[in-house]
Amino acid sequence: MTAAGEGANAQGADGMYVGIDVGGSAIKGGLVTRRGELILEDARRTPVEAGRAGIVEAIADLAVTLIDSSRSPVIGVGIGSAGAIDPDTGSVSRATDNLPGWTGTPLAELLAERTGLPVKVDNDVHAAALGEAWTGAAKTYDSFVFVALGTGVGGALTSRGRIIHGFRGTAGEIGHMLIKPDGLLCNCGQRGCWEQYTSGTALNRMAKEIEGFWDSHLLFKRFAEGDSRAVEAVDSFVKDLATGLVSLQNVFGPEAIIIGGGLAQSSILWWESLEHRLKEMTTLPVTIIAAKLGNRAGVIGAARLAKGI
Ligand SMILES: [Zn+2]
């Protein structure tokens, strides 16, 4: 467990929230103040081999550890989880096998039983968007789209400070917008989904197509050195990324599009080129902003869920 940053002195102020971010490989958690300062962090490995019960147990163990570590009373728990989450019940409406047996899990109910506290649950990317809205890059925007470029591509659509959930929390699956009819087969069953061309997985595939031993990191390294094959691949990534962003701008009319996720770490290499591409493609003002909270956005946003929006 580690104290996070200068906020460590803030503990002892009035009431605290626990935020938890549940992913396929790790469960991250933290103690967050009423002002959105993350003052203590902890994590567990996601015990996928143990199935639903084991994953719930790991989340509960992390939540209770954090609650017990807090010097001032914890007044609520928020959880951001992979999968579509019904915001009314806090249950998992749909999830992939990254979290085995996760579909149908009454997460809010189970965690409320274990912690004795009110528990709010939403999708992990929705939670990350709330984190960016609370203390990060989206602080000044009421209506924004959050794009998480990671292993896949996740998203959150916000309007007037609220997440647009759609039916049972299934809105925001922007990675599965079709951008290439009859394109690459996606694990969702469709062909030509945006994430097949703009995710870390896509970049790894493109890198391997150039040289068998390349991955996305080496692709970006070669791109920075001016290797023509790497330049062509990254250009294609940027073009496909821009294509989806223009559609999002048209459909949701956000004030800004916040770009986060693991791939955003490389964005210094392609950001200018993306802005240029967007200007070529549309006369609409598409404002793109880099996310600020990195992989802490989910924990901070989950705490925001607990606090209420
Ligand atoms: Zn798909």
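The values are calculated or read from the model by the stated rules, or taken from the named source; none is laboratory data. All figures in this text were calculated on a predicted structure; none of them were measured in a lab. Ideal geometry is used to build each Cβ from the backbone, glycine not excepted, and the neighbour counts take in all protein chains shown. Accessible surface areas use protein heavy atoms only, side chains included; no ligands, DNA or RNA. Shrake-Rupley method; radii C 1.70, N 1.55, O 1.52, S 1.80 Å.
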Leaving ligands, DNA and RNA out of it, work out the accessible area of residue 208 with a 1.4 Å probe and give it in Å² to the nearest 10. 110
Given the pairs 28/221; 208/239; 139/279, which span a C-alpha to C-alpha distance of over 22 angstrom in this model? 28/221; 139/279
Taking Cα pairs under 8 Å and at least six residues apart, what relative contact order does the chain come out at, in percent? 21
Note, residue 264: beta-carbon cut-off 13 Å, +1 each Lys/Arg, -1 each Asp/Glu, net 0
Once you've got the GNM for the chain with C-alpha springs shorter than 10 Å, pick whichever of 116, 253, 161 has the biggest mean-square fluctuation. 116
Can you give the angle from 0 to 90° between the axis of helix 200-210 and the longest principal axis of the chain, with both taken from C-alpha atoms, to the nearest 10? 30
Identify which of 233, 138, 156 has the largest mean-square fluctuation in a Gaussian network model of the chain, with springs joining Cα atoms closer than 10 Å. 233
Work out the length of the dipole vector of the range 140-291 about its Cα centre, built from +1 on the beta-carbon of each Lys and Arg and -1 on the beta-carbon of each Asp and Glu, and round it to the nearest 20 debye. 380
Kindly sort 276, 126, 165 by accessible area of their heavy atoms, largest first, with the probe set to 1.4 Å. 276, 165, 126
Give the Cα extents of the range 140-291 along the principal axes, in whole Å, largest first. 45, 33, 25
Heavy-atom accessible area of residue 119 with all protein chains present, probe 1.4 Å, nearest 10 Å²? 20
With Cα coordinates, the longest principal axis of the chain makes an angle with the long axis of helix 271-281, in degrees rounded to 10, of 60
Could you give the dipole magnitude of the chain about its Cα centre, charging the beta-carbon of Lys and Arg +1 and that of Asp and Glu -1, in debye to the nearest 20? 360
Once both labels are modelled 7 Å past Cα along the beta-carbon direction, what's the residue 71-residue 112 spacing in nm? 3.2
Residue-count net charge about residue 50 - beta-carbon cut-off 13 Å; Lys, Arg +1, Asp, Glu -1: 0
Antiparallel %, DSSP beta bridges [both residues in the chain], to 5: 60
Output wanted: per-residue J couplings in Hz (rounded whole) for the range 42-48, from phi through Karplus 6.51 cos²θ - 1.76 cosθ + 1.60, θ = phi - 60°, x for Gly and Pro. 7, 8, 9, 6, 6, x, 4
Compute the angle between helix 51-69 and the longest alpha-carbon principal axis of the chain, please, reported from 0 to 90 degrees and rounded to the nearest 10. 60
Pick out which of 21, 124, 42 has the largest mean-square fluctuation in a Gaussian network model of the chain, springs linking Cα atoms closer than 10 Å. 42
Subtracting the Cα-Cα distance from 0.36 nm times the residue separation, let me have the gained length for residue 180 to residue 229 in nm, one decimal. 15.5 nm
Can you compute the modelled spin-label distance between residue 275 and residue 188, with each label point 7 Å from Cα toward Cβ, in nm? 3.0
Angstrom value of the Kirkwood radius, inverse mean 1/r, which spans all Cα pairs in the chain: 19.8
Simple label model, 7 Å out from Cα along Cβ direction - residue 201 to residue 239, nm: 2.4
